[in-house]
């Protein structure tokens, strides 16, 4: 069972990495890092804060877009190319297929996030006063390693990006040590962005199990908007909206996942709230992401099991 799921996940990852829209979003993420540098140059003694805030916000936004796009199109692509039929004709259960597709999407998100975080942490290291030649040498060495690996790994080039992106993020995180609390903000924000995008990807997988790509994207984005507004919906004033709307808002805030958890206020991520430790908060949010993703995948498996492709 695990071997089949792993094979499906790696195949889904290989297909996702080749998607052109992914390269467009990645270029946009790098452009945002460059924009953060420009804006930081215009600020006065707030360069680190500008880079960390803009970078963390962009990571959260682009990861959600990637999750929606990949989740909405991966299954439809298999149906359009009719490659799903020989797969399901083999001893592969439908819930294994759904789980494999989802894990492939999450793996793609990890590579996307780690590469973006590496670029952002490198910029933050420079803004924090790290030696320019040291950051440049590390970046050049990482690029040379990537080129060598891509040349030598002819048949597994896309999988080289997985360990390389994680190693790049770790290396730049070490170099960004002078940034202190702002480095913590970026790293914690990256983990929270991954958790949120994992939930969004599971919801996209759920909707794609019974609907078209367009409707899947609409439904997923709608749930994302409601989830980000969960705290607001839970505290609607009855005097302005009425008791019925207030009750409906509370129900929605409890039914839909509270995605506002994954965009906490800046003081929390900086560790300025002693009553809420940063990494304890991130750990709790991660467990919540696992819970919501599991529920969505179970529902997706049930819907996909009853789907008729004839």
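For the reader, a short list of remarks on this structure follows.
- When the range 85-111 is filtered for residues that are part of a helix (DSSP H, G or I) and surrounded by fewer than 17 Cβ atoms within 10 Å (Cβ to Cβ), the ones remaining, listed by number, are 85, 86, 87, 88, 89.
- Lone unmet requirement of (1) loosely packed, with under 13 Cβ neighbours inside 10 Å; (2) modelled with pLDDT of 75 or more; (3) within 25 Å of the chain's Cα centre (by Cα) for residue 18: (2)
- Some residue of the range 110-121 being closer than 24 Å to residue 209 by Cα and in contact with a helix residue (DSSP H, G or I) (Cβ under 6 Å, 6 or more places away or on another chain): no
- Some residue of the range 227-249 being assigned to a helix (DSSP H, G or I), within 27 Å of residue 185 (Cβ to Cβ) and at pLDDT 80 or above: yes
- The single residue among 169, 137, 198 that is part of a helix (DSSP H, G or I), exposed (fewer than 14 other Cβ atoms within 10 Å of the Cβ) and at pLDDT 90 or above turns out to be 137.
- Test: residue in the range 155-166 that is surrounded by 24 or more Cβ atoms within 10 Å (Cβ to Cβ) and either touching a helix residue (DSSP H, G or I) at 6+ places or on another chain (Cβ under 7 Å) or assigned to a helix (DSSP H, G or I) (or both): no
- Some residue of the range 40-52 being surrounded by 15 or more Cβ atoms within 10 Å (Cβ to Cβ), under 20 Å from residue 195 (Cβ atoms) and modelled with pLDDT under 75: yes
- Subset of the range 258-310 (residues that are within 30 Å of residue 98 (Cα to Cα) and assigned to a loop (DSSP other than H, G, I, E, B)): 258, 263, 306, 307, 308, 309, 310
The values are calculated or read from the model by the stated rules, or taken from the named source; none is laboratory data. The shown structure was predicted, so the numbers you read here are calculated from the model rather than taken from an experiment. We place every Cβ from the backbone using ideal geometry, glycine too, and count neighbours over all the protein chains shown.
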